[in-house]
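See below for the structure under consideration.
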Amino acid sequence: VQLQASGGGQVQAGGFLRLPCAASRRPASNNGMAWFRQAPGKEREFVAAIAWNGGGTIYADSVKGRFTISREYAKSSMDLQMNILKPEDTALYYCAVARKAYGSRQQMDYAYWGQGTLVTVSS
């Protein structure tokens, strides 16, 4: 499975971006998906996850209420809507496909990773 994340760019604080992620093969439609991010000089961290059917969403506390993860039922693609962006959201954002039907916060639960899309938020 190959993953293609896009939509990154530079935005001012308070702005918004939408990150789409598409998987190349159908099996991803039966698996959970998620977004992680890695800021300069920091470890990669969990952002949001969603189950195969578009339910079961979970979020990192730092983005809850500002970011929304979504996908259509049993589709191999998903989106991350990011609102009220802050400078601390600056990072390389990765999408991933889980080994199981539901997403989780643990990187080890993900079998496939995209190459990332860069989001830069200026103050």
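Couple of notes before you dig in:
- Residue match in the range 84-105 (condition: at pLDDT 95 or above, farther than 17 Å from residue 121 by Cβ, touching a Leu at 6+ places or on another chain (Cβ under 8 Å) and among the charged types (D, E, K, R)): no
Conditions (1) of a type outside the set (Phe, Trp, Tyr); (2) over 14 Å from the mean Cα position of the chain (by Cα); (3) within 17 Å of residue 1 (Cβ to Cβ), marked per residue:
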site	(1), (2), (3)
42	yes, yes, no
50	yes, no, yes
74	yes, yes, yes
78	yes, no, yes
89	yes, no, no
109	yes, yes, yes
120	yes, yes, no
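- Count of the range 110-121 residues which are at pLDDT 95 or above, buried (at least 18 other Cβ atoms within 10 Å of the Cβ) and of a type in the set (Ser, Thr, Tyr): 2
- Residues of the range 7-34 classified as part of a loop (DSSP other than H, G, I, E, B), open to solvent by less than 50 Å² (accessible area, probe 1.4 Å) and over 12 Å from residue 74 (Cα atoms), total: 3
The values are calculated or read from the model by the stated rules, or taken from the named source; none is laboratory data. In this text the structure is predicted, and so the values were computed from the model without any measurement. Backbone-built Cβ (ideal geometry, glycine too); neighbour counts: all protein chains shown. Please note that ligands, DNA and RNA were not included when accessible areas were found on the heavy atoms of the full protein model with its side chains. Shrake-Rupley method; radii C 1.70, N 1.55, O 1.52, S 1.80 Å.
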